[in-house]
Amino acid sequence: MTILVTGGLGYIGSHTCVELLEKGENLIVLDNLSNSKLDTIEKIEKITNKTFKFYKVDLLNKEEVKRVFDENEIDAVIHFAGLKAVGESVQKPLLYYNNNITGTLNLVEIMQEHQVNKLVFSSSATVYGNPDRVPIKEDMPLSTTNPYGSTKLMLEQVLQDICLANSQFKVVILRYFNPIGAHKSGIIGENPNGIPNNLMPYICKVASGKLNFLNIYGNDYETEDGTGVRDYIHVVDLAKGHLSALERMEKNDSGAFIYNLGTGKGYSVMDIVKTFENENNIKINYKMVERRPGDIAKSFADPSKALMELNWKAEKTLKDMVRDAWKYEINNS
Ligand code: NAD
Ligand code: UFG
C-alpha cells in the first residue's frame, strides 16, 4: 500500500512512519515543518534502513497538496498534521481553527477528487471534556473547553458527515490519551520548542538539569494521592494502533469508526515522578503548586472497543515509557 502521512515528521507521526516502513509499506510524508525538523527524515531512515518520499507542503496550500496527490497513487491517508498546544489555542483561536480545520477540509476535498477514500484521523481524549466517570467509553458525552479541543470535535463531526454523504469514504477516528516515551533506539522522540507544557518532557528537562524543578499542578484532587490521573500510553503502542486502523479499513464496511487508544490504566503525577526516579536513578525536584486552570482530576480510557474491533492493545509498561523518554533526552541534549 502507498500511504500518505501528514504531519509525519512530528512526534507521533515519526514513530508511526517507523512502524509503517518496518511493515514494508510505501510511504509519502507531507509536513510544513512548523513543529518538526527536517533531520527527522534521516533519523527515521537510520532506524528502518528504508527510504521514503518527503514533501515540505502546508495543508493550507491547496495547489501544493493537489500536486502530492497528482504525483502519487495514494491508497490511504493518516492525518496527524495540526497544531496541538491547548494554551496557545486559547490565545490564538483563529490560528488553530484555520490550521486544523481549513487544513483538514482541504485534505479531504482533494482526497475525494482523487478517489482516495481511506483516512485515519488523530483525535484526542480532550473531546470528552470533564468526564462524569472513568474509564471513558467512546459513547460518553462530548464537550470541549478550548479551541484546540473544539477543532478536534468539529472535525470528528465533519468526517462523519462526509461518510454519510459518500458511501465509499471510510474514516477511523482515533482518540489518543496521553502519549509519552520514545522509540527504543533513542533516535526519535518528543522534542517540544521552548519550555514544555506536558508532564513527561518537563520531567526530562528537570532530570537533565535544564529546568530546576517540576511544578506539580495540584495535590487536592479526588485521587489516591491528590495529584491528577491520566492514561499514559507509549508512543510506539500508539503508532501501532494506526496500522491496526488501516487493516480495519480493508474490511468491506464503510463509514466512520471511533476508537479510544489508551492503556486503560490511570497513573497520578506522583506515580510518574516516582517511576521515573526509580527506573532512571535520578532525583526529580518538585514543588506542589496551585491547580492548572482547565485541568481535570482523572482521565483514563476503556480501550476494549479497540481490542475487540482493531485487535489492538497497548503492550508497553510505565517503566518502558519513562526509560525510553529519558534515553531520548540523553541522546538529544
Ligand atoms: P506534532 O506537533 O509533533 O506533529 C504535528 C506535525 O504536523 C508537525 O510536524 C507539524 O510541523 C505538522 N503540521 C502542523 N500543521 C501543518 C500544516 N498546516 N500543514 C502541514 N503540516 C503541518 O504533534 P503530535 O504530538 O505528533 O500530534 C499529532 C496529532 O495527534 C495532532 O493532530 C495532535 O492534535 C494529535 N494529538 C496529540 C496528542 C499528544 O499529546 N501529543 C494527544 C491527542 C491528539
Ligand atoms: N502536570 C504537572 N506539571 C507540569 C505538567 C503537567 O503537574 O508541568 C500534570 C497536569 O496537571 C496533569 C498531568 O500532569 O495532571 C498531565 O498533564 P499534560 O499536560 O502532560 O497532559 P494533559 O492531560 O493536560 O493534556 C494532554 C494533551 C492535550 C490533550 C489532553 C486530553 O497534552 O493536548 O491530554 O487528551 F488535549
Extreme residue, positive dipole direction of the stretch 1-109, given options Val108, Val86, Tyr96 (C-beta unit charges):
Val86
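Any idea what the dipole of the chain comes to, in debye rounded to 20, about its Cα centre with Lys/Arg Cβ at +1 and Asp/Glu Cβ at -1? Don't skip to the answer; put the middle values down first.
On the way: 38 positive and 43 negative charges, 144 e Å.
Approximately 680 debye in magnitude.
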For Ala76, the residues 5 or more places away or on another chain with a placed amide H closer than 5 Å to its own amide H are Thr2, Leu4
If you look at just the Cα atoms of the stretch 135-223, how large are its Rg and its Dmax in Å?
18.4, 55
Spatial separation of Cα centroids for the stretch 25-98 and the stretch 263-333, in angstrom:
26
Determine, for each peptide in 297-304, 62-69, the mean count of other beta carbons within 10 angstrom over its residues, then list the peptides with the highest first.
297-304, 62-69
Let me test this: with uniform point scatterers at the alpha carbons of the chain, what is the Debye-based log₁₀ I(q)/I(0) at q = 0.09, 0.10, 0.15 1/Å?
-0.45, -0.56, -1.34
Between Leu95 and Met1, the two model label points (7 Å from Cα along the beta-carbon direction) sit apart by a distance in nm of 3.4
J(HN,Hα) series, the stretch 160-177, from Karplus relation 6.51 cos²θ - 1.76 cosθ + 1.60, nearest Hz, glycine and proline x
5, 5, 5, 5, 5, 7, 10, 6, 7, 7, 10, 10, 10, 9, 10, 9, 7, 8
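Per residue, how much space in cubic angstrom lies within the convex hull of the C-alpha atoms of the stretch 179-256? List each step's numbers first, then the result.
Values: hull volume 13.0 nm³, N = 78.
Each residue corresponds to 166 Å³ of Cα convex hull volume.
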Order the peptides 104-114, 121-131, 51-61 from the highest to the lowest mean number of other Cβ atoms within 10 Å of their residues.
121-131, 104-114, 51-61
So which lysines can Lys287 reach, going by Cα to Cα under 28 Å and dropping same-chain residues fewer than 8 places off?
Lys84, Lys205, Lys210, Lys265, Lys274, Lys298, Lys319, Lys327
Work out from phi, with θ = phi - 60° and the Karplus expression 6.51 cos²θ - 1.76 cosθ + 1.60, the ³J(HN,Hα) of each residue of the stretch 16-29, listed in order in whole Hz, and give x for Gly and Pro.
5, 4, 4, 5, 5, 5, 5, 7, x, 6, 8, 10, 10, 10
Quick one: what are the phi-derived ³J(HN,Hα) couplings along the stretch 280-293, Karplus 6.51/-1.76/1.60 with θ = phi - 60°, whole Hz, x for glycine and proline?
9, 6, 9, 7, 10, 6, 9, 10, 7, 10, 4, 4, 7, x
log10 I(q)/I(0), Debye, Cα-only the stretch 218-272, no solvent, q = 0.14, 0.18 Å⁻¹?
-0.55, -0.70
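How big is the charge dipole of the stretch 187-298 about its Cα centre, in debye rounded to the nearest 20, if each Lys and Arg gets +1 on its Cβ and each Asp and Glu gets -1 on its Cβ?
On the way: 13 positive and 15 negative charges, 68 e Å.
Computed charge dipole of the stretch 187-298: roughly 320 debye.
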Placed amide H near Ile216: partners under 5 Å, 5+ positions off or other chain
Lys287, Met288, Val289
Once amide H atoms are placed 1.01 Å from N in the peptide plane, what residues at a sequence separation of 5 or more from Ile233, or on another chain, have their amide H within under 5 Å of its amide H?
Asn178, Ile180
Simple SL model, points at 7 angstrom along Cα→Cβ for Glu315 and Gln168; separation in nm is 3.6
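What's the magnitude of the charge dipole for the stretch 3-86 around its Cα centre, counting Lys and Arg as +1 and Asp and Glu as -1 at the beta-carbon? Answer in Debye, nearest 20. Could the numbers behind the result be given before it?
Details: 11 positive and 14 negative charges, 50 e Å.
The calculation lands at about 240 debye.
Each reported figure results from applying straightforward, stated rules to the coordinates on display, with no laboratory input. Owing to the predicted nature of the structure, the values given are computational and were not obtained by experimental measurement. Backbone-built Cβ (ideal geometry, glycine too); neighbour counts: all protein chains shown.
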